[in-house]
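A short write-up of the structure that comes next.
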Amino acid sequence: GENVEQHPSTLSVQEGDSAVIKCTYSDSASNYFPWYKQELGKGPQLIIDIRSNVGEKKDQRIAVTLNKTAKHFSLHITETQPEDSAVYFCAASYPGGKLIFGQGTELSVKP
Amino acid sequence: DVKVTQSSRYLVKRTGEKVFLECVQDMDHENMFWYRQDPGLGLRLIYFSYDVKMKEKGDIPEGYSVSREKKERFSLILESASTNQTSMYLCASRNVLDQPQHFGDGTRLSIL
């Protein structure tokens with residue numbers, strides 16, 4: 001069935017360290033993979049996305065990698081800052097245009 | 001910037017009531033979505049609409065219905081609210097398939 005697994009559910013890092021969040025998806029036809037950041041009291045905001053024709057995409061301190069063979073994709077945040085603390089969601093597109101979301105990762109960056 | 005506005009941030013209703021959650025987007029987007037967000041479960045799709053007067057069931061449509069009479073507005077209806085519908089409800093819109101979805105700030109609904 002349609003499924004996206006996300007790990008870890010919580011992640012605590014020291015300021016300046018890197019953080020990695022991993023997701024796996026079930027349908028090899030998925031071709032669009034966005035990542036969202038949700039701050040307290042706000043809706044999810046898109047921070048980066050990747051399509052299946054590329055393996056990696058970077059935007060300043062944020063990068064996403066995609067391994068289509070293994071059906072894995074990951075979010076990498078380097079030089080973490082306290083304002084990176086939030087809940088992060090991965091998602092994968094499924095036939096019919098739906099997005100299926102992972103369960104979320106609560107990232108805490110300690111000063 | 002895309003603006004998705006949900007009419008209420010917090011709502012408290014009683015069991016058995018009919019509840020309306022409203023969502024408006026200002027970017028002339030074709031597609032609109034309703035999700036509910038629960039701890040440990042991520043975002044789950046309730047209903048979506050690809051065009052005016054069109055609607056499709058998502059993964060958890062039971063107990064809900066929707067209305068899309070105008071392109072910019074998508075309403076979620078709880079026909080007879082129950083306590084297990086206490087949750088955060090998120091509305092989203094996007095222009096076309098596989099473009100980013102833009103979310104509102106959510107409505108936290110409590111059913112007593």
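Using amide H atoms built 1.01 Å from N in the peptide plane, name the residues 5+ places from A:LYS42, or on other chains, whose amide H lies under 5 Å from its own.
Answer set, sorted by chain and number: none.
Distance in nm between label sites at B:GLU62 and B:LEU97, each 7 Å beyond Cα in the beta-carbon direction?
Output for this residue pair reads 3.0 nm.
What average count of beta carbons from other chains do you get within 10 Å of the Cβ of residues in B:82-93?
That works out to 1 on average.
If amide hydrogens are placed 1.01 Å from N in the peptide plane, which non-local residues have theirs closer than 5 Å to the one on B:GLY58?
Those lying under 5 Å, H to H, from B:GLY58 are B:TYR47, B:PHE48.
For peptide B:100-106, what's the mean number of Cβ atoms from other chains within 10 Å of each residue's Cβ?
5
For the range A:10-111, run through the GluC sites (Glu not before Pro) and keep only the ones in DSSP coil with at most 14 other Cβ atoms within 10 Å of their Cβ.
The qualifying sites are A:GLU15, A:GLU39, A:GLU79.
May I ask you to evaluate 6.51 cos²θ - 1.76 cosθ + 1.60, the Karplus curve with θ = phi - 60°, for each residue of the range B:73-88 and list the ³J(HN,Hα) values in order in whole Hz, giving x for glycine and proline?
10, 9, 10, 10, 10, 9, 5, 8, 4, 10, 4, 6, 9, 5, 5, 8
Hey, got the dipole for chain B? About the Cα centre, +1 on K and R Cβ, -1 on D and E Cβ, debye to the nearest 20?
That gives a dipole near 340 debye.
Could you sort out which of A:LYS98/B:LYS18; A:LYS42/A:LYS68; A:LYS37/A:LYS58; A:LYS37/B:LYS55 sit more than 25 Å apart by Cα distance in this structure?
Long pairs (Cα-Cα over 25 Å): A:LYS98/B:LYS18; A:LYS42/A:LYS68; A:LYS37/B:LYS55.
How high is the FRET efficiency from B:GLU69 to A:LYS42, r the C-beta distance, R0 41 Å, rounded to 0.05?
Plugging the Cβ-Cβ distance into 1/(1 + (r/R0)^6) gives 0.90.
To the nearest Å, what is the center-to-center distance of the range B:1-71 and the range A:1-42, using C-alpha atoms only?
Each part reduced to its Cα centre gives a spacing of 23 Å.
Please check which bits of the range A:12-55 a label hung off B:LYS3 would reach, taking the label as a point 7 Å along Cα-to-C-beta and the cut-off as backbone N under 19 Å.
A:42-46
Sort the following peptides by mean Cβ neighbour count (other Cβ atoms within 10 Å, averaged over residues), highest first: A:57-69, A:91-103, B:44-56, B:7-19.
A:91-103, B:44-56, A:57-69, B:7-19
State, to one decimal in nm, how far the label point of B:MET54 lies from the label point of B:ARG108, with both points 7 Å from Cα in the Cβ direction.
Those two pseudo-labels are separated by 3.6 nm.
If each residue of separation counts as 0.36 nm, what is the full-extension length gain between A:ASP27 and A:ASN53 once their alpha-carbon separation is subtracted?
7.8 nm
May I ask for log10 I(q)/I(0) of the protein assembly as shown at q = 0.09, 0.14 Å⁻¹, from a Debye sum over the Cα atoms as equal point scatterers with solvent left out?
Result of the Debye calculation: -0.36, -0.87.
Please report the antiparallel percentage of the DSSP beta bridges confined to the protein assembly as shown, to the nearest 5.
So the antiparallel bridges amount to about 90 percent of the total.
Show me, for the range A:84-99, the HN-Hα J-couplings you get by feeding each phi into the Karplus relation (A = 6.51, B = -1.76, C = 1.60, θ = phi - 60°), rounded to Hz, glycine and proline as x.
Per-residue couplings from phi come out as 7, 4, 4, 9, 10, 10, 9, 8, 9, 7, 10, x, x, x, 6, 9 Hz.
Treating the beta-carbon of each Lys and Arg as +1 and of each Asp and Glu as -1, no other charges, what is the dipole magnitude of the range A:1-63 about its Cα centre, to the nearest 20 debye?
Approximately 160 debye in magnitude.
Would you mind giving the three semi-axes, in whole Å and largest first, of the ellipsoid equivalent to the range A:19-111 according to its Cα gyration tensor?
Over the Cα atoms of the range A:19-111, the semi-axes work out to 23, 15, 10 Å.
Evaluate Rg over Rh across chain B, taking Cα atoms for both radii and Kirkwood's formula for Rh.
So for chain B, dividing Rg by the Kirkwood Rh gives 0.94.
Through the Karplus equation 6.51 cos²θ - 1.76 cosθ + 1.60, θ set to phi - 60°, convert the phi angles of the range A:61-77 into ³J(HN,Hα) values in whole Hz; use x for Gly and Pro.
Listing the rounded values in order: 8, 10, 9, 10, 10, 10, 10, 5, 5, 8, 6, 10, 9, 9, 10, 10, 10 Hz.
Coordinate-derived values only; no laboratory data. Please read all numbers here as calculations on a predicted model, not as lab measurements. No Cβ is skipped: glycine too gets one built from the backbone with ideal geometry, and neighbour counts run over all protein chains shown.
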